[in-house]
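This report refers to the structure that appears directly beneath it.
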Amino acid sequence: MEIIRTVRGLHKAVADARSKNRSIGLVPTMGALHAGHMSLVGRSMKENGFTVVSVFVNPTQFNNPDDLRTYPRTEEADCRLLEAAGVDVAFIPTVEEMYPEPDTRVFDLGPVAQVMEGAMRPGHFNGVAQVVSRLMVMASPDRAYFGEKDFQQIAVIRRMVEIEKLPVEIVDCPICREPDGLALSSRNVRLT
Ligand code: PAF
């Protein structure tokens, strides 16, 4: 597995894979990987010749600075898991690499982004649309994989892909749960 931290490096790896006629699967994550993420990774590896997993805690989707500060960051463990799974590229950019300039785009995500989590976390879904659209332009995947745990997020991403006319298939994957039924989530480490 190659760990890539620059957009230029990612372009090169993806171009190389394309020259070998491999389809590209992208699994966007914010790290702190668990079995839920790994199920997306497995699905991408089954359906594509080349899988890129991004690990990036995206500041533009946090409307609460404390939540951003305390979000679990476990890069070494994440890389070990991804390497063991046989992923081709772990893309782990810095904030400066992802956003050399502030992203001021405001997406018209429609009613789906205004209710439930959209109402509780103003700006959250716009930030998700910003980072996912960037990742899609950077990795130019054929398919991108998202968990149904964040069902509303998938709807928002589908809308962003439609607005931006991105040539990517959005693949939604079933929720993975703890034995007691709780949906796996990186933030579960905070639960007592
Ligand atoms: O679901 C997440 O982990 C994030 O919202 C995503 C899609 C990786 C964008 O930062």
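The values are calculated or read from the model by the stated rules, or taken from the named source; none is laboratory data. The model shown is predicted, which means the values in this text are computed figures rather than measured ones. Methodologically, a virtual Cβ is constructed for each residue, glycine included, from the backbone with ideal geometry; neighbour enumeration extends over all protein chains shown. All accessible areas refer to the heavy atoms of the entire protein, side chains included, with ligands and DNA or RNA removed. Shrake-Rupley method; radii C 1.70, N 1.55, O 1.52, S 1.80 Å.
Check whether at least one residue in segment 16-34 is more than 13 Å from the chain's Cα centre (by Cα), closer than 18 Å to Asp78 by Cβ and touching a residue at least 24 places away in the same chain (Cβ under 8 Å), and report yes or no. The answer is yes, given that some residue of segment 16-34 is more than 13 Å from the chain's Cα centre (by Cα), closer than 18 Å to Asp78 by Cβ and touching a residue at least 24 places away in the same chain (Cβ under 8 Å). Here Ala144 meets each of (1) open to solvent by less than 50 Å² (accessible area, probe 1.4 Å); (2) under 24 Å from Ser44 (Cα atoms); (3) without any contact (Cβ under 8 Å) to a residue 60 or more places away in the chain with one exception, condition (3). Which residue is nearest to the ligand (Cβ to nearest atom), if the candidates are limited to segment 93-135 and must be aliphatic (A, V, I, L, M) and surrounded by fewer than 19 Cβ atoms within 10 Å (Cβ to Cβ)? The qualifying residue nearest to the ligand (Cβ to nearest atom) is Val95.
Being open to solvent by 30 Å² or more (accessible area, probe 1.4 Å), within 13 Å of the ligand (Cβ to nearest atom) and within 20 Å of Leu10 (Cα to Cα) is the filter here; which residues of segment 30-82 pass it? Hit for segment 30-82 is Met30, nothing else.
In this structure, does Ala13 turn out to be open to solvent by less than 20 Å² (accessible area, probe 1.4 Å) and assigned to a loop (DSSP other than H, G, I, E, B)? The answer is no for Ala13.
In segment 121-132 there is no residue matching the filter, namely being on the phi < 0 side of the Ramachandran plot and in contact with a His (Cβ under 9 Å, 6 or more places away or on another chain). Looking only at segment 171-180, residues that are more than 13 Å from the ligand (Cβ to nearest atom) and free of Cβ contacts under 8 Å to residues at least 60 places away in the same chain come to 4 in all.
Inspection of segment 150-170 identifies at least one residue that is within 15 Å of the ligand (Cβ to nearest atom), outside any helix (DSSP H, G or I), closer than 19 Å to Met45 by Cβ and open to solvent by less than 40 Å² (accessible area, probe 1.4 Å).
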